[in-house]
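Undergrad: I'd like to ask you about the structure that follows.
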Amino acid sequence: MSMFLLIAIVVLMCGAPAGAQSTDSVVARVQDEGITAFEVYEESQRLEDTLRSKLGGKELEEALAALRNHTAVRIVEQELIYAEFQTLGVELPANLVQLRLDRFAKTQANGDRAKFEALVEERGLTMKEFEDKVYRALAIELLVREKVRRNIDIGPAQVKAYYDEHRAEFMRPAEVRLQDIVIKADG
């Protein structure tokens, strides 16, 4: 199934009215991994609360549907990227994951590991589940960065050619800048 067809299915399935309850129904599958309506709801919840405080009526319903659609598409994209990462057979170094965990502990709990673990548990996750989420996010981030960087190769000749073609955009009209320094004679 092509990615675009899969995304279209997700968009159609997640376009439920804003007042509808999120359930654990599967809205999309990426390589046997089910994405549930609850996961979409969970990911979009914070932004949904913001929308509810700013909008109302039909406008709110449309904004919530668009947000859920966007969230579902983003989750599918992340799953597809992670599936690609897995097919490459690459393993992230444990110290890289640990550095990211340490950064989270520092920013969210002032470096206090016990306090950080308590925050993770408050979110309904075990430390292992949180580490797995960090691993997945880091894998996705690194693969995207690698794919983007590999396809971008701009050398000095291309920069000069672009400048020559768009020289008028970089031109500034001639101007005179005049500044005075005034010093009092008495003192």
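Undergrad: Given H placed 1.01 Å from N in the peptide plane, which residues other than close sequence neighbours of residue 27 have an amide H under 5 Å from its amide H?
TA: The answer is 35, 36, 37.
Undergrad: What shape does the stretch 119-183 have by the C-alpha gyration tensor, where a ≥ b ≥ c are the square roots of the eigenvalues, rounded means a/c under 1.5, and otherwise prolate means a/b greater than b/c and oblate the rest?
TA: Verdict is oblate for the stretch 119-183.
Undergrad: Then there is this: With runs of 4+ DSSP H residues as the only contributors, calculate the mean residue ellipticity of the chain at 222 nm using -39,500 (n - 2.57) per run, divided by the residue total and rounded to the nearest 500.
TA: Rounded to the nearest 500, the figure is -22500 deg cm²/dmol.
Undergrad: Would you kindly state the longest site-free stretch of the chain, with sites defined as trypsin sites (Lys or Arg not before Pro) in a DSSP loop (not H, G, I, E, B) surrounded by at most 14 other Cβ atoms within 10 Å?
TA: Free of exposed loop sites, the longest segment is 1-122.
Undergrad: Filter the chain for me: DSSP H helices, axial length by Cα at least 20 angstrom, mean Kyte-Doolittle hydropathy not below -1.0. List them by residue number.
TA: Membrane-span-like by this rule: 57-88, 94-109, 127-151.
Undergrad: Using the charge dipole of the chain (Lys, Arg: +1 at Cβ; Asp, Glu: -1 at Cβ; taken about the Cα centre), state which of 94, 25, 166 has its Cα farthest towards the positive end.
TA: Final value for the positive-end residue is 166.
Undergrad: For residue 112, what residues show an amide H to amide H distance below 5 Å, using hydrogens built from the backbone and excluding near sequence neighbours?
TA: none
Undergrad: Another question, then. On the Cα set of the stretch 19-119, report Rg and Dmax in Å, please.
TA: Just the Cα atoms of the stretch 19-119 yield Rg and Dmax of 17.7, 49 Å.
Undergrad: Roughly speaking, to the nearest percent, how much of the stretch 49-187's 1.4 Å accessible area is carbon and sulfur?
TA: 55
Undergrad: Viscosity 0.692 mPa s, temperature 37 °C: what is the translational diffusion coefficient of the chain from Stokes-Einstein with a Kirkwood Rh over Cα pairs, rounded to a whole number of µm²/s?
TA: Approximately 154 µm²/s, per Stokes-Einstein.
The values are calculated or read from the model by the stated rules, or taken from the named source; none is laboratory data. Computed from a predicted structure; not experimentally measured. Backbone-built Cβ (ideal geometry, glycine too); neighbour counts: all protein chains shown. For accessibility, only protein heavy atoms count, side chains too; no ligands or nucleic acids. Shrake-Rupley method; radii C 1.70, N 1.55, O 1.52, S 1.80 Å.
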